[in-house]
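Enquirer: One structure follows; several queries about it will come next.
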Amino acid sequence: MSELLAAPEADLTLITPGEGELVADIIVVGGGNAALCAAITAAETGASVVLLERAPREYRGGNSRHTRNFRCAHAAPLGVLSGEYSEDEFYNDLLLVTKGNTDEALAKQVIANAPDCYEWMIRQGVLFQPSLSGTLSLSRTNAFFLGGGKALVNAYFQRCNDLGVKIMYEATALDIHIDNGRCDGVLVNHDGQQHYMRAKSVVIASGGFESNKQWLQEAWGDAAKNFLIRGTPYNRGEVLKRLLAHGADSIGDPTQCHAVAIDGRAPEYDGGIVTRLDCVPFSVVLNNKGERFYDEGEDVWPKRYAIWGRLVAKQPDQIAFAIIDEKSSKLFMPSVFPAIRCDTLAELIEQLGLPTDTTLASINEFNRACTDGEFQATELDGLATQGLTPAKTNWARPIDQPPYYGYSLKPGVTFTYLGVNVDNTARVTFDGVTADNLWAAGEIIAGNILGEGYLAGFGMTIGTAFGRIAGSEAAKYVNA
Amino acid sequence: MLTHNHEAVRQLTVCNSCRYCEGYCNAFKALTRYRSFDKPTVSHLANLCHNCRGCYYACQYTEPHEFAINIPALLADIRAQNWEQHIKPSGISKLFQAKLWPYLLMTVVFMVLFSFGAGVSWVSSEPFYSSISHSALVAIFLPLFLLPWIALLFGIRGYWKSVGGSRVAVSDIRNALGSAATMKNLSGGQGQGCNYEAAERYTHLRRWAHHATMYGFLMCFASTSVATIYHYIFSLPAPYALFSLPKLLGVVGGILLSCGTAALAVLKWKADTKLGSANRTNGEYAFVGLLFAVSTTGLLLYWASGTSFAAAWLIIHLSLIATFFISIPYSKMVHSLFRLAALCREAQIQRLASAG
Ligand SMILES: Cc1cc2nc3c(=O)[nH]c(=O)nc-3n(C[C@H](O)[C@H](O)[C@H](O)COP(=O)(O)OP(=O)(O)OC[C@H]3O[C@@H](n4cnc5c(N)ncnc54)[C@H](O)[C@@H]3O)c2cc1C
Ligand code: SF4
Ligand code: SF4
């Protein structure tokens, strides 16, 4: 699949700066949340906008089509959001997950902008719904989209249509021309041909490069071949690569990506939310040698699921197996693919393709290390193994009640951290100098704010806040 | 005999691990109660669905995605299979759910019966009921009215048992009627309407069209009932004055019914057939068409009376009505009762759950 999606080599001879007609006041590159917010905001001022979406119409919307909520500060109950979530608390949450690796000014700008985003989204036709069942813990901090991200993206595309934005599908930006801080145009592959399109302002909102496995291999080596990509196959980072080549200041660790452990049977791309597996805290997790490698019960799953992507990525063949027994089988959200279910451990081990002796030995050793105590599924219960390495520090109950269930786990990449640096007007900087008419928003700049870790729902907040800023600044520039 | 069960389980399992559509309707809210989907559960969910299509246009897993999710079509198929399975004889149900010609054929047969059997002339300007005597009407319509209701009652009972329904409480029925009266679930969950005919956009057109149809139908039904009471209890035979109860109900109801069904047909024509029960489109058109024809010919009867078309109109109208009554359990008309049963069952499940 990834070969099929690779963009053609850019024909740089087609780039003729200053020559040829302007296709619009503003070109927006991308068709996800950030791009749409920018296009709408710009078009509302009367500016003419062309939006380039690499994906075909049925797959439009990038990773944004897979999202479910956005994080929003609020002083009092706001729409579907309950209670209060102060800007300070929001910022503190961010500091915790990023360990301080954030641009304070930009982060606070986004956080302060969030309640405004909420009202704006409603005006554009986005609908919200109460927290989904099983996610009540988020009802104070995160506003859920009715129907999820695809419904949100649909609402924005309609709004774009109503505002006269020209939407081009299957239009891939291959390069931009930038000279002395001025962007002249974009080289675009469309309908099997390359075209040089000029505009007065250009907004880049083309997401990260997580679907580009060759690029992932630069950091992860051959292991990356076995990674599954949770979102769109179309975020391949062509524009990001060219921006960096043109001297844009980079931000974020190029060797890091956000990866979670997902069902090993998930499709290579675009499996989205349903491929997640929440069984780990109640399981024994083994690599394909039949050995345990990490404390499955270190913390509640929402706080730990993000490290398991990397943990599994470091195992041989980037695969692991979670095994549970009957008593734990209903303690977590149902999984999309049915578990492999057997009446004996030996059968299950065989079906999972694990080496029988070591695997059985690992499970027996684990079972023997379990202690008596009270099991509490929904909180840290301290029910820990004794004398086992690595220990399981919570929810440790012997795997001994048939039938037994097994799942395979693989790393599922959510997004990459590498991006370009922007100032507080969303303008891209080159060697510390701000470009005149080139803006960036969304995942491609998220590294400024989310230097590491992840805060659920913050990706959409960053994209909405900065998409709107980029759109209005780009329009201001054009209309001046 | 739900051939779709395997596919239903597959798709509903995807939804259950996603749940993004929870806020659209009570089918989705009910879905999250389950960890697995046996046939009764699938049937129950299917009869809670209104085919609003919100969950299709919002789904990130529709084709060409390999998960190929299409909940509205899946549930529409299962619903229709439920009706066909429970309303006996199933063969007749299948025919009427899917085809247009049985309705046409039946109407023509009745027209022939009325004109030859009852000896009514097509060209006559005789006033309304003098064309056909009231007792002749009763003799023809009473069995027509009763037999289908028997099939219907047994069908609903079969369905109720198949989904594991227990003794109904008054509050269950009140609850179900409340949702049905407001078509709460067609509000889209957040009052935005549904996506039936406008693809990714939400509109209220289908809800209005359905309201007009439902209330129009109920008013026409009430008009007939009132007229019957007038006739038998107060010895006040038809025809009635314009400002009499039967006529007011009949005219207003008829207009609502005609407009509502016409709108429903137009909306159906605009909507994507891939999101409905694909092989039953003709049967669905036949059903709304029949309702439209019944009410429109009924309305025109008021104008036709006194002209030389009066008798012809009456024959056509009565033939359509006869067709309608016979086909009630076999046509899409049954959806209303299965839906009510499902709403009752849902209220019951929730009541029993909260009772512990
Ligand atoms: C499964 C999953 C669930 C998630 N859930 C949430 C959530 O609930 N809340 C949250 O806040 N975040 C969530 N995220 C993260 C979130 O998706 C991103 O933070 C956000 O979507 C980024 O928005 P964006 O507009 O920058 O990028 P995207 O939405 O990915 O859009 C990028 C767009 O650019 C287009 N494109 C790429 N390259 C080119 C090119 N060369 N030329 C033209 N167009 C191009 C793509 O086709 C796409 O339309 C989730 C991510 C995944 C994978
Ligand atoms: S229809 Fe699609 S988006 Fe909606 S719950 Fe099901 S899988 Fe999720
Ligand atoms: S089509 Fe509408 S009513 Fe039916 S399940 Fe989907 S959202 Fe619910």
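The values are calculated or read from the model by the stated rules, or taken from the named source; none is laboratory data. Computed from a predicted model, the values in this text were never measured in an experiment. Glycine also receives a Cβ, built like all others from the backbone with ideal geometry; neighbour counts cover every protein chain displayed. Heavy atoms of the whole protein, side chains included, go into the accessibility calculation; ligands, DNA and RNA do not. Shrake-Rupley method; radii C 1.70, N 1.55, O 1.52, S 1.80 Å.
Enquirer: Rounded to the nearest 100 Å², what's the accessible area chains A and B bury against each other, both chains counted, probe 1.4 Å?
Expert: On the way: alone 19140 and 17330 Å², together 33600 Å².
Protein heavy atoms only, the A-B interface buries about 2900 Å².
Enquirer: Compute the whole-percent fraction of alpha carbon pairs in the protein assembly as shown spaced more than 47 Å apart.
Expert: Working: 123273 of 349030 pairs.
Tail of P(r) above 47 Å: 35 percent of Cα pairs.
Enquirer: Another question about this same structure. Per residue of region B:155-167, what does 6.51 cos²θ - 1.76 cosθ + 1.60 with θ = phi - 60° give for ³J(HN,Hα)? Whole Hz please, x for Gly and Pro, Karplus curve as stated.
Expert: After applying 6.51 cos²θ - 1.76 cosθ + 1.60, I find x, 5, 4, x, 5, 4, 5, 5, 8, x, x, 10, 4 Hz.
Enquirer: Could you please state how large a percent of the accessible area of region A:259-412 is carbon and sulfur, counting protein chains only and using a 1.4 Å probe? List each step's numbers first, then the result.
Expert: On the way: 2960 of 6200 Å².
C and S fraction of accessible area: 48 percent.
Enquirer: Accessible area drop of at least 30 Å² (1.4 Å probe, protein heavy atoms): which residues of region A:128-154 qualify, relative to the chain alone?
Expert: A:GLN129, A:LEU132, A:SER133, A:LEU146, A:GLY147, A:LYS150, A:ASN154
Enquirer: Go through B:LYS99/B:LYS274; B:LYS94/B:LYS274; B:LYS161/B:LYS274; A:LYS99/A:LYS327; A:LYS99/B:LYS29 and tell me which ones have a Cα-Cα distance over 28 Å in this structure.
Expert: Details: B:LYS99/B:LYS274 17 Å; B:LYS94/B:LYS274 19 Å; B:LYS161/B:LYS274 31 Å; A:LYS99/A:LYS327 37 Å; A:LYS99/B:LYS29 38 Å.
Violating the 28 Å limit, Cα to Cα: B:LYS161/B:LYS274; A:LYS99/A:LYS327; A:LYS99/B:LYS29.
Enquirer: On a 1.4 Å probe surface of the protein chains, which of A:ASP25, A:ASP357, A:ASP116 comes out largest in accessible area, and what is the full order? Can you show the working numbers first?
Expert: On the way: A:ASP25 30, A:ASP357 125, A:ASP116 85 Å².
Output order, biggest surface exposure first: A:ASP357, A:ASP116, A:ASP25.
Enquirer: Per residue, how much accessible area does chain B show when a 1.4 Å probe rolls over the protein heavy atoms, in square angstrom?
Expert: Working: 15870 Å² over 356 residues.
It amounts to 45 Å² per residue over chain B.
Enquirer: If you plug each phi of region A:253-261 into the Karplus form 6.51 cos²θ - 1.76 cosθ + 1.60 with θ = phi - 60°, what whole-Hz ³J(HN,Hα) values come out, in order, with x for Gly and Pro?
Expert: 6, x, 9, 10, 9, 8, 9, 10, 7
Enquirer: Between B:ALA139 and A:GLU9, what FRET efficiency follows from the Cβ-Cβ distance if R0 is 51 Å, with the result rounded to 0.05?
Expert: Here the calculated transfer efficiency is 0.05.
Enquirer: Between A:ALA105 and B:TYR302, with labels modelled 7 Å along Cα→Cβ, what's the label distance in nm to one decimal, could you check?
Expert: 7.4 nm
Enquirer: Can you tell me which aspartates and glutamates have their Cα less than 20 Å from the Cα of B:LYS247? Leave out same-chain residues fewer than eight positions away.
Expert: Partners within reach: B:GLU126.
Enquirer: Taking Cα pairs under 8 Å and at least six residues apart, what relative contact order does region A:259-412 come out at, in percent?
Expert: On the way: 318 pairs, mean separation 55.6, N = 154.
For region A:259-412, the relative contact order is 36 percent.
Enquirer: Here is a further query. Provide B:TYR159, B:TYR57, B:TYR215 ordered by accessible surface of protein heavy atoms (probe 1.4 Å), highest first.
Expert: Details: B:TYR159 0, B:TYR57 30, B:TYR215 90 Å².
Per-residue accessible area, sorted high to low, gives B:TYR215, B:TYR57, B:TYR159.
Enquirer: Could you pull out every one of the lysines with an alpha carbon less than 17 Å from that of A:LYS410, ignoring same-chain neighbours closer than 8 positions?
Expert: Excluding near neighbours in sequence, the set is A:LYS213, A:LYS225, A:LYS289, A:LYS314.
Enquirer: For peptide A:333-344, what's the mean number of Cβ atoms from other chains within 10 Å of each residue's Cβ? Each step should come with its number before you reach the end.
Expert: Working: counts 6, 8, 3, 9, 4, 4, 0, 0, 0, 0, 0, 0.
So the per-residue partner count for this stretch is 3.
Enquirer: For A:GLY147, which sequence-distant residues (separation of 5 or more, or a different chain) have an amide H within less than 5 Å of its own amide H, given hydrogens modelled in the peptide plane?
Expert: B:GLU22, B:GLY23
Enquirer: Can you list the residues of region B:8-39 whose accessible area drops by at least 40 Å² going from the chain on its own to the full set of protein chains, with a 1.4 Å probe?
Expert: Buried-area filter returns B:SER17, B:ARG19, B:TYR20, B:GLU22, B:ARG35.
Enquirer: To the nearest 10 square angstrom, how much accessible area does A:ASP253 have with a 1.4 angstrom probe?
Expert: 60 Å²
Enquirer: Rounded to the nearest 20 Debye, what is the dipole magnitude of the protein assembly as shown about its Cα centre when Lys and Arg each give +1 and Asp and Glu each give -1 at the C-beta? Please report the intermediate quantities before stating the final value.
Expert: Numbers: 68 positive and 72 negative charges, 764 e Å.
Using only the charged Cβ atoms, the result is roughly 3680 debye.
Enquirer: Then there is this: Sum -39500 (n - 2.57) across every DSSP H segment of at least 4 residues in chain A, then divide by the residue count to get the 222 nm mean residue ellipticity, nearest 500.
Expert: -9000 deg cm²/dmol
Enquirer: What is the helix-to-structure angle for B:5-18, meaning the angle in degrees between its Cα long axis and the longest Cα principal axis of chain B, kept from 0 to 90 and rounded to the nearest 10?
Expert: Tilt relative to chain B: about 60 degrees.
Enquirer: Would you please give the residues with an amide H less than 5 Å from that of A:PHE430, counting only those at least 5 places away or on a separate chain, with H modeled from the backbone geometry?
Expert: A:ASP249, A:ALA435
Enquirer: Tell me, what is the 1.4 Å probe accessible area of A:THR45, in Å² to the nearest 10?
Expert: Ignoring ligands and nucleic acids, A:THR45 comes out at about 70 Å².
Enquirer: So with the 1.4 Å probe, I'd like the accessible area per residue for chain A, rounded to whole Å². Kindly include the intermediate steps, with their values, before the conclusion.
Expert: On the way: 17730 Å² over 480 residues.
Heavy-atom accessible area per residue stands at 37 Å².
Enquirer: A:ASP423 accessible area, nearest 10 Å², 1.4 Å probe?
Expert: The value for A:ASP423 is about 40 Å².
Enquirer: Shifting gears a bit: Please give the helix B:245-270 orientation as an angle from the longest Cα principal axis of chain B, in degrees from 0 to 90, rounded to the nearest 10.
Expert: With rounding to tens, the tilt is 50 degrees.
Enquirer: Describe numerically, in nm with one decimal, the distance between label points set 7 Å from Cα along Cα→Cβ at B:PHE221 and at A:GLU326.
Expert: Roughly 4.9 nm, to one decimal.
Enquirer: Give the span of region A:79-151's Cα atoms along each principal axis, as three whole-Å numbers ordered largest to smallest.
Expert: 34, 28, 24
Enquirer: Charges on Cβ only, +1 for Lys and Arg, -1 for Asp and Glu, centred on the Cα centroid of the protein assembly as shown; of B:ALA312, B:GLN97, A:SER133, which one is farthest towards the dipole's positive end?
Expert: Looking along the dipole axis, the top candidate is B:ALA312.
Enquirer: Can you list residues from other chains, or at least 5 along the same chain, whose modelled amide H is less than 5 Å from the amide H of B:GLY193?
Expert: So B:GLY193 has HN proximity to B:GLY188.
Enquirer: Measure off, as a whole percent, the carbon and sulfur share of the 1.4 Å-probe accessible area of chain B, all protein chains present. Could you put the intermediate results ahead of the total?
Expert: On the way: 11090 of 15870 Å².
The computed percentage sits at 70.
Enquirer: With every protein chain kept in the model, how would you rank A:TRP120, B:TRP269, B:TRP313 by accessible area, 1.4 Å probe, largest at the top?
Expert: Working: A:TRP120 10, B:TRP269 195, B:TRP313 70 Å².
Most to least solvent-accessible, the answer reads B:TRP269, B:TRP313, A:TRP120.
Enquirer: With a 1.4 Å probe and all protein chains left in place, how much of the accessible area of region A:83-220 comes from carbon and sulfur atoms, in whole percent? Could you put the intermediate results ahead of the total?
Expert: Values: 2350 of 5280 Å².
The C+S portion of the solvent-accessible surface of region A:83-220 is 44 percent.
Enquirer: Can you tell me the relative contact order of chain B? Whole percent, Cα pairs under 8 Å, sequence separation 6 or more. Each step should come with its number before you reach the end.
Expert: Values: 486 pairs, mean separation 96.1, N = 356.
Once normalised by length, the contact order is 27 percent.
Enquirer: Hey, got the Cα dimensions of region B:253-356 along the principal axes, in Å, largest first?
Expert: The Cα atoms of region B:253-356 stretch 67, 32, 22 Å along the principal axes, largest first.
Enquirer: Just to check I understand the Karplus step: with θ = phi - 60° and J = 6.51 cos²θ - 1.76 cosθ + 1.60, what whole-Hz values come out for region A:438-453, glycine and proline as x?
Expert: Along region A:438-453, the couplings run 10, 10, 9, 8, x, 3, 5, 10, 4, x, 4, 10, 9, x, 7, x Hz.
Enquirer: Sticking with this structure for a sec: Given the peptides A:140-149, B:169-178, arrange them by the average over their residues of other C-beta atoms within 10 Å, most packed first. Write out the running numbers ahead of the final one.
Expert: Working: A:140-149: 25.5, B:169-178: 14.6.
Top to bottom by mean Cβ count within 10 Å: A:140-149, B:169-178.
Enquirer: Moving on to the next point. Would you mind putting B:345-351, A:5-11 in packing order, based on average other-beta-carbon counts within 10 Å, highest first?
Expert: Values: B:345-351: 19.7, A:5-11: 13.4.
Result, highest mean first: B:345-351, A:5-11.
Enquirer: Another one. Given the rule -39500 (n - 2.57) for each run of at least 4 DSSP H residues, summed and divided by the residues of chain B, what is its mean residue ellipticity at 222 nm, to the nearest 500 deg cm²/dmol? If you can, show how the numbers build up before the last one.
Expert: Working: 14 runs with 230 residues, N = 356.
It comes out at -21500 deg cm²/dmol, rounded to the nearest 500.
Enquirer: Put a dot 7 Å past each Cα toward the Cβ at A:GLU347 and A:LEU136; how far apart are the dots in nm?
Expert: Those two pseudo-labels are separated by 3.7 nm.
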